[in-house]
Each structure stands twice: as C-alpha cells, then as structure tokens.
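Below: the structure, in structure tokens.
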Amino acid sequence: MKLTIEEDKCVGAGQCVLVAPEVFDQRDEDGVAVLLTEEPAGPDREAAAEAARICPAAAITVGGR
Amino acid sequence: MKRHILVVGASAAGTAVVQHLRRLGYDGALTLVGAEHHPPYDRPPLSKRFLAGELRPEQLWLTGAGDLDRLATVHRGRRAVAADLAARTVTLDDGTVLDHTDLVVATGVTPSALPGRPGAAVTLKTLDDARAFAARLTAGRRLVIAGGGFLGTETAWTALALGCEVTLVARAAHPLPALGGHVGALVGERLRAAGATVLTGRAVSAVHARHTGPGEGPVTVELDDGTRLPADTVLSAIGSAPATDWLAGTGLDLTDGVRCDAGGAAAPGVHACGDVASWYLPRHGGRLRLEHRMHAGEQARVVAANLLGDAQVLDSVPFFWTDQGPHKIVVHGVPAPGARFAPHDPDPGRDRFTGVYRKDGRVTAVLAWNAPKDALRLRRELLAGPDPADRVPARR
C-alpha cells in the first residue's frame, strides 16, 4: 500500500484524521491533509483505506501492492 | 423476480451506493440512471476552484474512466419521470420502463427559479452550468448574485478574484443566515472589504431582459425595494428544492424531500440518500435534510449495507465546510435554528477563531474560522465519543 494525497483536491475536511489519526494529520492554517506515513502497516492499513473511501473530495489514492 | 437494484441519480450519493454495493459483494443486477452525460463528478468545487479555472473537469470525476460501466448498467442523460411502488417500476423520459426489486432515490435538488423572466438568470448546479457561467466571469463584468447562502457567497468570492463587479443580494440581515449573526456579519464585512456590494434584507423581485436565453446579454435586476441594478449576468442562488416531482402520487412522504428512517428506508423496497432525503438523525432527535457533501457519502454507505440485509443506522456528527475566499469555515454538528453562537479562542492577529452553537444549554455544533484542526479538537471534546468510533454507523 502506498498512499498519496492530491493537495489540489483536498478540502480540509479532516475526516481522514478522524478515522486514521496515525496516518493523517492536517496543516494548521488551511486544514489540508498531510501524510504521517506513506506506507501504513497493520490496522492502520485498513483505516487508511477507509479514509480514502470516505474522503469527500476523493483526494486520497491507495496505490500499488 | 431476481434481485435488481435500481439507483436513480448518479451524483455523489447514487454513485457511492453503486460502488459500495459491489464492494460489499453484491453480484446481482444493478442499474444506475443519471440525468447528465458526464462521469459522476464532485459538485462543491463548481462554485470555487473549478469556477476559478484552477481545476480541470477530469479532476472532478468521482470514478475512473469506465469504472461505472463495469459496476452497473448505466442510463446516461435520462431522468425518471414516474414511479409505481406497487408494481416496482420506474419510467424514464425516453419511455423506458425499468422493473426492479429495490429502488434507491438519489435525485438531489433542483435550483429554485427567480421571479420574472427566470430564463434570464443563470444557475450553478451542474458542470455545464459552471462552464457556461465561467465564460461570462471576465474582468469588469457586472454580476448580480441573488441569494446570500453558501453558493451565493462562495461564488461572490470567486467572481471578485476574477475581477468582476459583484453585487450580492441577501434576503436576511446578513449573509449565511444558517451560521448565525456573528459569522454571517463577518462574512458580509469581509466581502465588502474585498470589493463586493452586499445588499441585505432584500430580495430579487424580477429580472428584466430583452433576450430570452440565460446569459445572452445585459439584464436589469429589480429588487423588492424598487432598486434596479444593471448587470451583465445574474446568478440565481436563492436555494433549491428536492427533486421529487417524479415520485408524486407514489404515497411516499415528500414533505421535505423523501422521508426516511435512520437507516435510509422510505417504504418497503425504497431507500433514499443524499440531498433529496431527510433521515431521522438520532443524535439530533428529529428529521434532517442536509445538503452536505460528506453526508451523502455516509448515507450511501448505510443504504448499501442495509440493502444487503444489514440493519445500520447513521448517527454520525454532520460536517460541512465553506470556502469564503481566503477564509475556510468548517462546522461539525448542526447549528440549529435558534442556537446561540459564542465565539472563543479569538486570535485577531491571525484572523482565526472557534466557537460553539448552544441551544437549551446543549452544544449542537462547533465552528472554526481558519482553524480546521481546532474544530476537530472541539468536535472530539464536545460532540462525539472517542474517535474513530463516533463515525462507525451503530447497529439498530
């Protein structure tokens, strides 16, 4: 699993931070999501996949392997 | 009859139902009906970054090319015109009759028309609307926006940035009445400082034009106090109504959209989700029809699960955001009518604050102005249990 965030699309909703706090954080000023890790492990993998599914801007991509 | 799930409406909610049904393993017949020819796309950027020319259409698509056709039989450019719940049929505008065992209503909302030559005003609901509108927003053009809600104010900011002369006409005493006087007055103040003319306590009573089509030439916008505003373009952003005309006479309760229980069921074999649906929200203690992007996806997931025999209810904290030019407002919860807003954490030097809406001593919503992370913290403290449990749908 390799995560990417399209910053152009992110609307700063912070829903990814709610479901996967070990994987995502938000920039303080505009709320744009930032990755704490690109390749989450263990239970964080499913949480990250869930975050991608619920992102209101479809800005999170789960790639590869 | 073999199982056949029919989803009417192919925007965020309808598309998500189809995707989740397949993800959950449903392998039966599945049909999706959409009024537009584009792939399903994200609507919130239409008034903001797409209108500003910062996003290409492909960046709005909600599915990959061809994905949808692998998941369902898709009828594009078609609208439902009638439904018979007893016979379980839906009739499309080309006469096609679709038999089904389960119906999902996800037809969204239709923009309300302005009085007097409504054809002279443009609307901003679809991608095609946004493209046509964007072509008219060149520097120096005069734009009148009827409506001071989210769509009207967001569009005002975008048009200002494009160099237009913007007049916003708001019916309430300040823009964004849904957020209360404190935040609404601040938005009005900021819009004025950015160069907009903001007229409050007034409404458009008529649009006069010599031409017949929207956006074809100059118009005169008449307000209910007699003011006449010359303009090149007038945008109708006075609200919208649930697109339920095709369900008239079915026996469904359509008082404020399709009335549903907390799991999205409207009648035997009928679910509804997205802007068109009003669900019972347990934490709110009543029915709510929320036109929020986030809510559409959450409802769609619950509907998909329940169609496959689950018994989920949705009881998450509603969430929405609005980009007011350089200012980002996020709200968790429901700023109920009559709730009082109390700002705290003011940080005037950095132009950011948070605040809380209270009604009858209870916190109903939290808001943050340029402080989205603080809003999440407040949400955790005041509105929801520990994360992420608060957003997993509870069992009925």
Along the stretch B:273-284, Karplus-curve 3J(HN,Hα) (6.51, -1.76, 1.60; θ = phi - 60°) to the nearest Hz, with x for Gly and Pro, reads 8, x, 4, 7, 10, 10, 9, 6, 10, x, 5, 8
Check: chain A dipole with +1 on Lys, Arg Cβ and -1 on Asp, Glu Cβ, in debye: 320
Need the full-extension length gain, B:His38 to B:Arg228, defined as separation in residues times 0.36 nm minus the C-alpha distance. One decimal, nm. 64.6 nm
Over all Cα pairs of chain B, the Kirkwood radius sets Rh, and Rg/Rh then becomes 0.97
What angle, in degrees between 0 and 90 and rounded to the nearest 10, separates the Cα long axis of helix A:43-54 from the longest principal axis of the Cα atoms of chain A? 50
Listed here are the pairs A:Lys9/B:Lys125; B:Lys48/B:Lys359; A:Lys9/B:Lys328; A:Lys2/B:Lys48; B:Lys125/B:Lys328; which of them are more than 26 Å apart at the Cα? B:Lys48/B:Lys359; A:Lys2/B:Lys48
Which listed residue (A:Met1, A:Val19, A:Ile60) has the Cα farthest towards the positive end of the charge dipole for chain A, taking +1 on Lys and Arg C-beta and -1 on Asp and Glu C-beta about the Cα centre? A:Met1
Treating only the Cβ of Lys, Arg, Asp and Glu as charged (+1, +1, -1, -1), what charge dipole size does the stretch B:179-273 show about its Cα centre? Round to the nearest 20 debye. 280
Where Lys and Arg each count +1 and Asp and Glu each count -1, what net charge lies around B:Ser47 among other residues with Cβ under 11 Å from its Cβ? +1
Highest average packing first - B:152-161, B:28-37, B:94-103, Cβ atoms within 10 Å: B:152-161, B:28-37, B:94-103
So for the protein assembly as shown, taking the charge dipole from beta-carbon charges (+1 Lys/Arg, -1 Asp/Glu), which of B:Leu68, B:Pro40, B:Gly148 sits furthest toward the positive end? B:Gly148
For the stretch B:81-96, what does the Karplus curve 6.51 cos²θ - 1.76 cosθ + 1.60, with θ = phi - 60°, yield as ³J(HN,Hα) per residue in whole Hz, taken in order and with x for Gly and Pro? 10, 7, 9, 10, 5, 6, 7, 6, 10, 10, 9, 9, 6, 9, x, 4
What's the buried accessible area, both sides, between B and A using a 1.4 Å probe, rounded to 100 Å²? 2200
Carbon/sulfur fraction of accessible area - the stretch B:222-320, other protein chains in place, 1.4 Å, %: 47
Rounded to the nearest 20 debye, what is the charge dipole size of chain B about its Cα centre when +1 sits on each Lys and Arg Cβ and -1 on each Asp and Glu Cβ? 560
Ordered by number, the residues of the stretch A:28-57 that have at least 40 Å² less accessible area in the complete protein assembly than on their own chain alone (1.4 Å probe) are A:Asp28, A:Arg53, A:Ile54, A:Pro56
Contact order relative to length of chain B, as percent, for alpha carbon pairs under 8 angstrom and 6 or more apart: 15
With the dipole of the stretch B:132-246 worked out from charges on the C-beta (+1 for Lys and Arg, -1 for Asp and Glu) around the Cα centre, which of B:Ser236, B:Val221, B:Ala206 lies farthest toward the positive end? B:Val221
Relative contact order, percent, of the stretch B:241-396 when contacts are C-alpha pairs under 8 Å separated by at least 6 residues? 16
Principal axes first, then extents: for the Cα atoms of the stretch B:326-383, list largest minus smallest coordinate on each axis, whole Å, largest first. 33, 20, 18
Please report, to two decimal places, log10 I(q)/I(0) for chain A at q = 0.19, 0.29 Å⁻¹ as given by the Debye formula with identical point scatterers on the Cα atoms and no solvent. -0.58, -1.41
Quick check: Cα centre of the stretch B:251-310 to Cα centre of chain A, how many Å? 27
At a 1.4 Å probe, which residues in the stretch B:343-377 are at least 50 Å² less accessible with all protein chains present than in their chain isolated? B:Pro372, B:Lys373, B:Leu376
Stokes-Einstein at 25 °C, 0.890 mPa s, Kirkwood radius from Cα pairs: D for the protein assembly as shown in µm² s⁻¹? 107
Cβ-derived FRET efficiency at R0 41 Å, B:Thr96 paired with B:Arg358, nearest 0.05: 0.20
Whole-number D in µm² s⁻¹ for the stretch B:113-238, Kirkwood Cα-pair radius fed into Stokes-Einstein, 20 °C, 1.002 mPa s: 151
Find out how many positive minus negative residues lie around B:Leu32, taking Lys and Arg as positive, Asp and Glu as negative, among other residues whose Cβ is under 11 Å from that of B:Leu32. +1
Taking amide H atoms as placed 1.01 Å from N in the peptide plane, list the residues 5 or more away in sequence, or in a different chain, whose amide H sits under 5 Å from that of B:Ala82. B:Thr91
DSSP loop (so not H, G, I, E, B), at most 16 other Cβ within 10 Å: list which GluC sites (Glu not before Pro) in the stretch A:30-59 pass both filters. A:Glu38
Ignore the peptide's own chain and count Cβ atoms of other chains within 10 Å of each Cβ in A:13-22; give me the average, rounded. 5
On each of the three principal axes of the Cα atoms of the stretch B:1-152, give max minus min coordinate, whole Å, ordered largest first. 60, 35, 25
Relative packing of B:77-83, B:313-319, which averages over residues the other C-beta atoms within 10 Å, highest first: B:313-319, B:77-83
Could you pull out every residue, at least 5 positions away or on a different chain, whose amide H is within less than 5 Å of the one on A:Val32? Hs are placed 1.01 Å off N in the peptide plane, and Pro or chain starts have none. A:Arg27
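The values are calculated or read from the model by the stated rules, or taken from the named source; none is laboratory data. Note that the coordinates shown come from a computational prediction; the quantities given were computed from them, not determined experimentally. Reconstructed Cβ throughout: ideal geometry from the backbone, glycine too, with neighbour counts over all protein chains shown. Accessible surface areas use protein heavy atoms only, side chains included; no ligands, DNA or RNA. Shrake-Rupley method; radii C 1.70, N 1.55, O 1.52, S 1.80 Å.
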